[in-house]
1. Pulled fully out, how much extra length does the chain show between residue 18 and residue 45, if you take 0.36 nm times their separation in residues and subtract their Cα-Cα distance?
2. Residue 84 to residue 214: FRET efficiency via 1/(1 + (r/R0)^6), r the Cβ-Cβ distance, R0 41 Å, to the nearest 0.05?
3. Give, in nm to one decimal, the length gained when the segment between residue 200 and residue 149 is fully stretched (0.36 nm per residue of separation minus the Cα-Cα distance).
4. If each residue of separation counts as 0.36 nm, what is the full-extension length gain between residue 58 and residue 129 once their alpha-carbon separation is subtracted?
5. Between the alpha-carbon centers of region 3-62 and region 176-218, tell me the distance in whole angstrom.
6. Can you pull the one-decimal nm distance between simple spin-label points at residue 180 and residue 3, each 7 Å off the Cα toward Cβ?
7. Binning at 5 Å from 0, report for the chain what percent of all alpha-carbon pair distances ends up in each bin.
Amino acid sequence: MDINLMIDITPLLVKAAWVTIDISARALFFGFFIASALVAMRTSRIPPVRWLARAYISVVRGTPYFVQLLLVFYGGPAIGLRLDPFTCGVVVGAFNIGAYMSEAIRGAIESVDSGQHEASRSLGFGRFATLQHIVLPQAAGLMIRSIGVLAIILVKNSSLVSIISVVELTYQAQRLIGSTYKPLEVFSVSALMYIVIIYAVMGIVEFLYRRATRYTYL
């Protein structure tokens, strides 16, 4: 194993790793708002709104992320949707993870005993106030853990945007292999960086989980 080569390529892979982090963080951020909208739609009292949200979630979860990425990037221009590779990766990642995240959030909310909803309403709390002050604080722990798992999956899936020429960690590794012809060294360094990123995400999730459950028994 060429240790010198591994040291030499590390700065290039670190730079590409920041692109991986950037695209994953943006997709997760926007995905959370999409998920929140989907949860609101799933719990709506208007049947067509619930059906629309359920149909969207079923389609997204029923098709591979890779296919969604190619469909938007290569098929989008046919309907006037032209996105640069990085933006496409963020947009598709956000809409994809949003569907999964909505189910995680909804599941966490529904895990709170229904009796607490009724007790809150009997005390004069409205639907939104009940959700904000009673339900969400108790559901936060489960929600954070679930979203953390999805964040890790998102980081791993970000490697697929290399197919549309986003210069993230996997794409940079492939380019270096093409010039060095040493896949073992290149992929060893890139794999180590993925591990570092994922363990960092796990650390953040654990910190947020402890803060959120400090005064609960979840």
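None of the figures in this text is laboratory data; all of them are computed from the coordinates on show. Since this is a predicted model, take the numbers as computed values, not measurements. Reconstructed Cβ throughout: ideal geometry from the backbone, glycine too, with neighbour counts over all protein chains shown.
1. On the way: separation 27, 0.36 × 27 = 9.72 nm, distance 4.27 nm.
Working it through step by step, the gained length comes to 5.5 nm.
2. Efficiency at R0 = 41 Å is approximately 0.45.
3. On the way: separation 51, 0.36 × 51 = 18.36 nm, distance 1.25 nm.
Length gained between residue 200 and residue 149: 17.1 nm.
4. Details: separation 71, 0.36 × 71 = 25.56 nm, distance 2.99 nm.
Working it through step by step, the gained length comes to 22.6 nm.
5. After rounding, the separation between the Cα centres reads 16 Å.
6. Between residue 180 and residue 3, the label points sit 1.5 nm apart.
7. Using 5 Å bins, I get a P(r) of 1, 7, 12, 15, 15, 14, 11, 9, 6, 4, 3, 1, 1, 0 for the chain.
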